[in-house]
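The next block holds one structure in the form of structure tokens; read it before the comments.
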């Protein structure tokens, strides 16, 4: 790995420093601890930025604090786009790779609307 996409807020990043030679980008996304809603523009920006890292031809480590809600959400979106899958097929694929993945239902609904565009 030499690329990382982070779904964390700046105060969470202190717990996961990035090696200096890695490419790193991110968009903070809310998880179950945040009361703010996830908006479509932020999720779309996150997907686009993560895709830009992938387009550089390197594996990308998609990161959040627990690996349960936010990073799997991005992985589902990237998988659905790359493999031309439905949201639920992409979610199933991600869960087969990472059984702990449990994106928030309302976030999946928002992702489904974005993918339909």
Long-range neighbours under 9 Å by Cβ, at least six apart or interchain, first residue touching a residue at least 12 places away in the same chain (Cβ under 8 Å) and on the phi < 0 side of the Ramachandran plot within the range 73-86, second surrounded by fewer than 16 Cβ atoms within 10 Å (Cβ to Cβ) and in a loop (DSSP other than H, G, I, E, B): 75/98; 80/86
Filtered residues of the range 49-69 (kept if part of a loop (DSSP other than H, G, I, E, B) and farther than 18 Å from residue 32 by Cβ): 55, 56, 57, 58, 59
Taking the range 1-15 as the region of interest, how many residues are in contact with a strand residue (DSSP E or B) (Cβ under 8 Å, 6 or more places away or on another chain) and either at pLDDT 85 or above or under 16 Å from residue 53 (Cβ atoms) (or both)? 8
Residues in the range 43-51: is at least one surrounded by fewer than 14 Cβ atoms within 10 Å (Cβ to Cβ), over 17 Å from residue 6 (Cβ atoms) and without any contact (Cβ under 8 Å) to a residue 24 or more places away in the chain? no
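The values are calculated or read from the model by the stated rules, or taken from the named source; none is laboratory data. What you are looking at is a predicted structure, and each value in this text was computed from that prediction instead of being measured. Cβ sites come from the backbone with ideal geometry, for glycine too, and all protein chains shown count toward neighbours.
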